[in-house]
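These notes concern the structure reproduced below.
Here, each number is a calculation from the coordinates, and none is a lab measurement. The shown structure was predicted, so the numbers you read here are calculated from the model rather than taken from an experiment. Note: ideal-geometry Cβ built from the backbone for every residue, glycine included; neighbour counts use all protein chains shown.
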Amino acid sequence: MSEESHDYVLKTLIVVVLGLSAIVFILGGYAILLREENRRAKLVIEEIRSSVFTPSTDQPEVSENPVEIPTGTQIIREAISVPETQNFFLETFDYRRLITNSFDFLAEGSEFGYVVVEEGTAFKLCVEKGLGKYFITRVGDQFGVMFLGENPLTGLYDSKTAYGIQLVSHTVSDGIAPQVMDLRSAGYPAFVYKSITTDGRTFYAAILGVFPDANAARNYSSEVDVQSLQRITGWNITDRFPRQLR
């Protein structure tokens with residue numbers, strides 16, 4: 001090999017070595033940079049984790065050994081608060097719609113008020129009380145409204161006495177509830193009334209309408225379409241009678 005060729009090869013090797021050294025240096029620096037960034041990222045993650053999962057001093061400590069509740073034990077749960085009034089949208093007076101939005105179940109001993117008023121006041125009272133908080137019945141050319149709880153209209157004096165027409169009764173609510181809902185769908189003001197006898201027995205009665213007194217209930221009963229009611233429910237209601245709602 002000539003001297004010139006030897007010098008060329010030597011220079012080439014030197015360039016290659018220098019190039020490789022530079023690459024190694026760059027890669028080494030990049031690795032150091034990545035390690036530093038990784039360390040910073042870990043610190044940030046640890047800070048976030050500690051801020052999220054560190055228990056607050058205001059929270060009670062949770063026992064590592066929860067108490068087992070025996071099977072069959074009734075668990076008392078905290079009651080969920082429900083809005084007192086659930087309003088519904090109705091632009092104008094619609095008797096059948098108001099029946100649909102009225103309550104379909106009443107238990108003996110419930111606090112209620114009762115008034116007989118003209119259409120406009122009845123409509124306002126029903127809307128003010130809200131969904132399921134009232135019951136409406138046509139009484140002559142006016143409307144009887146029973147409402148649960150307090151009277152929302154100032155200056156309107158209510159009675160604590162009301163009557164309904166008992167069609168039938170049953171020992172379980174499911175024995176009459178479907179027929180009551182059929183009556184409501186057909187436009188009849190009906191609901192289920194729960195009462196307990198002096199000897200502790202529970203009865204559920206199908207009640208038609210709410211009236212200010214027994215005479216008003218009898219008048220309504222004498223004019224109602226008995227055949228229509230019996231066709232809808234399948235009941236024999238010849239023994240229906242006015243009943244005071246307490």
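So which trypsin sites (Lys or Arg not before Pro) in the range 113-173 end up in coil per DSSP with only 12 or fewer other C-beta atoms within 10 Å?
K160
So in the range 95-245, what percent of DSSP beta bridges are antiparallel if you round to the nearest 5?
90 percent
Which chymotrypsin sites (Phe, Trp or Tyr not before Pro) in the range 137-246 sit in a loop by DSSP (not H, G, I, E or B) and have at most 11 other Cβ atoms within 10 Å of their own Cβ?
Sparse-neighbourhood loop chymotrypsin sites (Phe, Trp or Tyr not before Pro): Y157.
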